[in-house]
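Novice: If you scroll down you'll find the structure; I have some questions about it.
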Amino acid sequence: MSGTKEEDRKGSSEWRNFFWNPRTHELLGRTASSWGLILLFYLIFYLFLAGMFVLTMYIMLLTLDDYKPTWQDRLATPGMMIRPKGNQLEISFSVSETESWDGFIHNLNHFLSPYNNSYQVQTNDNCSPDQYFIQEDSGEVRNNPKRSCQFNRTMLEECSGISDRFYGYSSGQPCILIKLNRVIGMLPGKDSQSPYVTCGAKRMDSDKIGPLAYYPPNGTFNLMYYPYYGKKAQVNYTQPLVAVKFLNASLNTDINVECKINSNTLAEGSERDKFAGRISFKLRINDK
């Protein structure tokens, strides 16, 4: 029993000596000078790493442009979007039930509010159509902020929400708005030929879609709205739109619709990316 106590005292003493040895003045087995050298080494090491990180970030920031991305990894053909926003690219409503399409009306009104003629006249230019609105910089002198061309809401005619505040939904002739995704520097046409939108039904629904009307005429994205110079350089840029009005679509059935962009410079979308230059959605109009 006494041997066990002696061993415990000896072990406790060794542990205390390891933590602090009063004879050698060692803390955890090292003297003050040894601890000082280690701490100095790690201080210099981490300061060096921090300096390398700051230098790398500084050099990288020197290569960036506040107004234009240095590198653009983009698709050959921009994507398309529709408004109003439906549930998973599905526009479904009942003509006789106001609540079924009331949300679409609010969505379109909110989306088109920046396109009001009064706002466009105040902020944007009345440009010459069918030609690019190019605004080059003068060497190192930035031509910013760059101007933008007017896209007036009235250009959407029957789909503007002005002559028909229900955008055709109350009569079973709904309007769908289409826009191209913004791509800095994109030139979507040549020889004064603007890109245009065409819509049609998938093969199995070709007899259901009926005639269509496009606004502006021929469903064009006029060249005067290009090139786009970026949100910071072109603060008042108004994205051009195309409206498609379904004049006599079949009722009480699903219609699979595909709209695509047609251009003499943009490549056609491939089967590998079904959203490049086109968009597919389902339309269903119920009479009750």
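The values are calculated or read from the model by the stated rules, or taken from the named source; none is laboratory data. Nothing here was measured: the structure is a model prediction, and the numbers come from that model. Cβ: placed from backbone, ideal geometry, glycine included. Neighbour counts: every protein chain shown.
Novice: Yes or no: V242 assigned by TED's automatic domain parsing to the domain that holds R182, over 30 Å from R142 (Cα atoms) and of a type outside the set (K, R)?
Specialist: On the way: assigned by TED's automatic domain parsing to the domain that holds R182: yes; over 30 Å from R142 (Cα atoms): yes; of a type outside the set (K, R): yes.
Here the answer is yes, as V242 does meet what is asked.
Novice: Hey, does the stretch 107-130 have a residue that's surrounded by 13 or more Cβ atoms within 10 Å (Cβ to Cβ), among the polar types (S, T, N, Q) and part of a loop (DSSP other than H, G, I, E, B)?
Specialist: yes
Novice: Further, regarding this structure: Condition check: loosely packed, with under 14 Cβ neighbours inside 10 Å, closer than 20 Å to Y132 by Cβ and not polar (S, T, N, Q). Does K231 satisfy that?
Specialist: Yes: the conditions hold for K231.
Novice: Also, I was wondering about something else. For residues that are crowded, with 19+ Cβ neighbours inside 10 Å, outside any loop (DSSP other than H, G, I, E, B) and at pLDDT below 95, tally how many sit in the stretch 180-200.
Specialist: Here the count works out to 1.
Novice: Would you mind finding the one in I184, I176 that is under 21 Å from the mean Cα position of the chain (by Cα) and under 21 Å from N286 (Cβ atoms)?
Specialist: So the residue among I184, I176 that is under 21 Å from the mean Cα position of the chain (by Cα) and under 21 Å from N286 (Cβ atoms) is I176.
Novice: Go through (1) within 30 Å of T70 (Cβ to Cβ); (2) under 22 Å from the mean Cα position of the chain (by Cα) one by one and return the number of the condition T123 breaks.
Specialist: Here T123 clears every test but (2).
Novice: Now, a different point. Which one of these does D207 not meet: (1) in a loop (DSSP other than H, G, I, E, B); (2) within 20 Å of T265 (Cβ to Cβ)?
Specialist: (2)
Novice: Within the stretch 72-106, how many residues turn out to be assigned to a loop (DSSP other than H, G, I, E, B) and without any contact (Cβ under 8 Å) to a residue 24 or more places away in the chain?
Specialist: Residues that pass the stated criteria total 4.
Novice: I'd like to know if the stretch 114-137 contains one or more residues that are assigned by TED's automatic domain parsing to the domain that holds N248, closer than 30 Å to N262 by Cα, among the hydrophobic types (A, V, I, L, M, F, W, C) and in contact with a Leu (Cβ under 7 Å, 6 or more places away or on another chain).
Specialist: no
Novice: Right, something else. Check L61 against each of (1) free of Cβ contacts under 8 Å to residues at least 60 places away in the same chain; (2) surrounded by 12 or more Cβ atoms within 10 Å (Cβ to Cβ); (3) not in a loop (DSSP other than H, G, I, E, B) and name the one condition it does not meet.
Specialist: Answer for L61: the failing condition is (2).
Novice: Go through the stretch 126-163 and count every residue that is closer than 21 Å to K232 by Cα and among the aliphatic types (A, V, I, L, M).
Specialist: Qualifying residue count, the stretch 126-163: 2.
Novice: Is there a residue in the stretch 78-94 that is over 23 Å from the mean Cα position of the chain (by Cα) and charged (D, E, K, R)?
Specialist: No: the stretch 78-94 contains no residue that is over 23 Å from the mean Cα position of the chain (by Cα) and charged (D, E, K, R).
Novice: Take Y115 and tell me if it is modelled with pLDDT of 95 or more and closer than 30 Å to L177 by Cα.
Specialist: Criteria met by Y115.
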